[in-house]
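S.K.: Quick one: this structure, given as structure tokens, is what I'll be asking you about.
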Amino acid sequence: MPPRNRQPERRPAQAAQTARPVTITAVVDPVAALASENLDDNLYLYDTNKPAGSTGFGTPELHSRVRKGDTLLWNVIPLECETYVSLADVEIDPRIAEPARKVYPGTDIVFWTAEVKQDLTEPVPYRLSFLLGTVATPFTPTARPALAGPANEGKEGR
Amino acid sequence: MAQQHGIIVLFDVENALRTRSLDGNTYWFDNMKLFGSTGVGSEQLVTIVPGTHYLDGSQATEQVLNWLPAALGSIPPTVPRNYLAEQGRADDRRTLDELAGLDAAGGVEEDDVKRLQRRVGKRARKPASGRGLTEAKLLDVTGRTTTSSDAYNYPAPVITDITGPAVTEKIMYPAQYGSPDMIYDGWYWAATVDTSRPGVYRYTMHIQLHELVERNDELVWESVDLTCESNLKIINDPKRNGFTGAGVGVLPLPPVPVTG
Amino acid sequence: MTQAYAATDFTERGQLNSVQLNVVTLVDMERAAATKSLEGCLYMMDNSVGGIGQGSDHLETICKQGQVINWIIRPIDMHRRTDGTWPPMPKINNIVFLDIEKGDEDDVAERRIMTELKVYGAPDRMRDQYTAVYYYWAGAVMSEARAGLYRYRFVLELEKEHGTDKLYLNSARYPALRVLPV
């Protein structure tokens with residue numbers, strides 16, 4: 001069996017700077033989530049890495065294919081322009097990524113960004129939590145999205 | 001008036017420009033899943049339109065559809081565009097002020113010039129025929145001005161027309177309406193629906209995407225026109241009291257107030 | 001009806017400058033026609049967070065720079081009658097922002113705080129005789145508007161129960177936008 005912990009390759013730093021970040025977008029229906037008390041049924045995740053093999057589009061269990069050095073960006077689209085949703089937190093193993101909370105310039109609209117620190121041999125699930133409407137406690141879906149290594153790598157990690 | 005329908009169409013613009021097709025790159029949403037819309041989040045959305053009518057057959061509620069196109073991987077449509085344009089102008093004013101303050105006699109610092117150049121950013125020429133690009137300045141996906149033409153923010157996709165059986169059979173009456181938020185030069189598409197003929201009706205949406213190309217040493221936005229389809233499902237029930245499930249009338253209040 | 005601001009009204013409470021705000025005004029058309037005044041005839045509410053005066057005629061709408069505000073006005077009685085006719089309707093002719101300086105509160109403002117403040121709802125083209133035409137006021141708070149309280153006056157046009165002439169009235173009290181910094 002191939003060794004689980006591989007030495008991460010060195011990558012030139014500037015490759016990450018001009019490359020497009022991998023955006024993970026959460027489309028949320030906050031009215032339906034609050035009315036039915038079910039966020040999972042009203043949460044749809046997508047990312048911009050379909051060509052690299054990301055799966056689970058349109059569900060809360062998005063698996064995004066990423067590599068070490070990729071910049072990740074999480075943002076939210078609410079289904080109605082008169083309702084409020086924001087991403088309260090992105091919790092993931094800090095050895096893989098350490099997401100930081102930012103706002104789009106001159107606004108109070110939140111997005112989170114992180115750099116992938118290691119190549120992934122197995123999918124790493126992470127936790128998103130959302131603020132919906134005027135409810136002060138964040139909501140978390142039951143199902144978890146994950147970051148995964150490139151599709152053609154790691155025959156042992158399924 | 002019944003709750004307005006919001007139909008969001010999310011396009012994977014990068015992929016759509018690469019394949020020159022919206023097939024497999026379009027995700028449809030509406031806010032009526034609780035009322036029976038199916039395929040929310042996929043390419044096969046069927047939007048439920050629950051019409052109600054009075055006993056004399058006239059329409060009791062007006063159903064309004066509103067469309068909002070968005071680009072996956074771009075700044076979300078919730079960030080007000082005119083706001084960003086105003087910020088861009090304020091940035092330029094600050095840059096001019098700083099330029100005016102530089103003392104050329106003492107020798108200008110290269111760092112200062114570089115910083116100002118970064119803030120000025122890069123502009124791309126808008127095509128005469130393109131629509132909906134309110135800023136010519138390039139932004140990156142976090143909303144900052146950028147000089148890089150690799151990781152630029154895709155402008156919002158623009159709906160240029162809505163056609164198909166749902167329109168020709170006069171099931172819905174679409175038009176563009178103005179908005180204070182200059183996302184699409186201030187226009188968005190909305191339609192009212194005639195709910196007297198139940199059934200499933202298809203419609204085609206004509207979309208314009210914009211791609212940044214280099215031509216004769218300058219950056220230009222070029223428009224790319226594509227189409228995608230969706231459906232409306234009209235149902236028609238008699239208007240009913242939401243509390244009792246019975247006909248419209250007074251609520252069944254007890255004759256004597258409950259004590260205790 | 002809330003009368004005073006709580007400290008928590010000014011903290012981050014589910015409010016973004018991306019959320020479109022609706023300020024809804026209900027008009028007691030009968031009373032306005034009988035008294036030829038809007039005193040005691042307007043009931044205002046918004047979908048913002050906090051903001052005193054909900055339900056009164058001097059609502060303060062909490063908002064932020066860049067936020068879009070839609071003004072919707074309705075008569076209290078607005079359903080089609082059994083004989084097929086409609087009750088008389090109100091219409092906003094103007095929303096006039098007022099001077100913030102002491103002593104000049106009835107005068108028009110010296111500086112604009114809203115951009116694109118005008119009537120919306122007409123289609124780009126009548127594509128069919130049934131293409132919908134709406135009528136409502138809206139605008140966006142300017143990104144450079146300074147935080148503070150901005151009072152405004154309504155000029156309303158009221159239809160009459162009988163006859164085609166209209167009644168034009170000023171709002172008796174001044175509602176306001178309370179702009180918070182982003």
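Where a number appears in this text, it was derived from the coordinates with a stated rule and is not lab data. If you're wondering where the values come from, they're calculated on a predicted model, not measured in any experiment. With ideal geometry, Cβ positions are generated from the backbone for all residues, glycine too; neighbour counts draw on all protein chains shown.
S.K.: Pop a pseudo-label 7 angstrom from the Cα along the beta-carbon direction at both C:GLU157 and B:THR163 and give the gap in nm to one decimal.
M.R.: For C:GLU157 paired with B:THR163, the spin-label model returns 3.8 nm.
S.K.: From the Cα gyration tensor of segment A:92-152, with a ≥ b ≥ c the square roots of its eigenvalues, which class applies: rounded if a/c is under 1.5, or else prolate if a/b is larger than b/c, or else oblate?
M.R.: oblate
S.K.: What is segment B:134-239 by shape, rounded, prolate or oblate, if you read a ≥ b ≥ c off the alpha carbon gyration tensor as root eigenvalues and call it rounded for a/c under 1.5, prolate for a/b larger than b/c, and oblate otherwise?
M.R.: prolate
S.K.: Pop the C-beta distance of C:ARG31 and A:GLU82 into the FRET formula with R0 = 45 Å and round what comes out to the nearest 0.05.
M.R.: Working: r = 30 Å, r/R0 = 0.67.
Efficiency at R0 = 45 Å is approximately 0.90.
S.K.: Arrange the following residues from fewest to most other Cβ atoms within 10 Å of their Cβ: B:LEU72, B:LEU116.
M.R.: B:LEU116, B:LEU72
S.K.: Would you list C:TYR120, A:TYR104 from fewest to most Cβ contacts within 10 Å?
M.R.: C:TYR120, A:TYR104
S.K.: Let me spell out the model: positive unit charges on the Cβ of Lys and Arg, negative unit charges on the Cβ of Asp and Glu, origin at the Cα centre of segment C:83-151. What dipole size does that give, in debye rounded to 20? Don't skip to the answer; put the middle values down first.
M.R.: Working: 9 positive and 12 negative charges, 61 e Å.
Computed about the Cα centre, the dipole is about 300 debye.
S.K.: Can you sort C:ARG146, A:ARG95, C:ARG127 from fewest to most other Cβ atoms within 10 Å of each residue's own Cβ? Could the numbers behind the result be given before it?
M.R.: Working: C:ARG146 12, A:ARG95 9, C:ARG127 15.
Fewest-to-most ranking of C:ARG146, A:ARG95, C:ARG127: A:ARG95, C:ARG146, C:ARG127.
S.K.: On to the next question. Under 20 Å between alpha carbons, and skipping anything fewer than 8 positions from C:LYS102 in its own chain: which aspartates and glutamates qualify?
M.R.: Within reach: C:GLU60, C:GLU110.
S.K.: Also: Which shape class applies to chain C: rounded if a/c is under 1.5, otherwise prolate when a/b exceeds b/c and oblate if not, where a ≥ b ≥ c are the square roots of the Cα gyration tensor eigenvalues?
M.R.: Cα axes put chain C in the prolate bin.
S.K.: Alpha carbon centre of segment C:28-100 versus segment A:85-150: separation in Å?
M.R.: 41 Å
S.K.: Checking the cross-link filter: which aspartates and glutamates have an alpha carbon closer than 14 Å to that of B:LYS114, excluding same-chain neighbours under 8 positions apart?
M.R.: Counting by Cα, and skipping residues close in sequence, B:LYS114 has these aspartates and glutamates nearby: B:GLU98.
S.K.: B:GLU43 versus C:THR85, label points 7 Å from Cα toward the beta carbon: distance in nm?
M.R.: According to this spin-label approximation, the distance is 5.6 nm.
S.K.: Same structure again: Take peptide B:24-31, look around each residue's Cβ out to 10 angstrom, count Cβ atoms belonging to other protein chains, and average those counts.
M.R.: Going residue by residue through B:24-31 and averaging, the value is 3.
S.K.: Which pairs, out of B:LYS122/C:LYS64; C:LYS118/C:LYS166; A:LYS102/B:LYS33; C:LYS91/C:LYS118, put more than 23 Å between their alpha-carbon atoms? Walk me through the numbers on the way to the answer.
M.R.: Values: B:LYS122/C:LYS64 29 Å; C:LYS118/C:LYS166 21 Å; A:LYS102/B:LYS33 32 Å; C:LYS91/C:LYS118 13 Å.
Over 23 Å Cα-Cα: B:LYS122/C:LYS64; A:LYS102/B:LYS33.
S.K.: Still on this structure, please answer the following. Once phi is turned into ³J(HN,Hα) by the Karplus curve 6.51 cos²θ - 1.76 cosθ + 1.60 with θ = phi - 60°, what whole-Hz value does each residue of segment A:26-41 show in order, with x for glycine and proline?
M.R.: Values per residue, Gly and Pro as x: 9, 8, 10, 9, x, 5, 5, 5, 6, 5, 9, 6, 9, 7, 4, 6 Hz.
S.K.: Next question, about the same structure. What nm distance separates the two modelled labels at B:GLU218 and C:MET78, each placed 7 Å from Cα along Cα→Cβ?
M.R.: Placing both labels 7 Å along Cα→Cβ, they lie 5.0 nm apart.
S.K.: Moving on. Among DSSP bridges having both ends in chain C, what percentage is antiparallel? Round to the nearest 5. Mind showing how you got there, number by number?
M.R.: Values: 30 of 42 bridges.
The antiparallel proportion sits near 70 percent.
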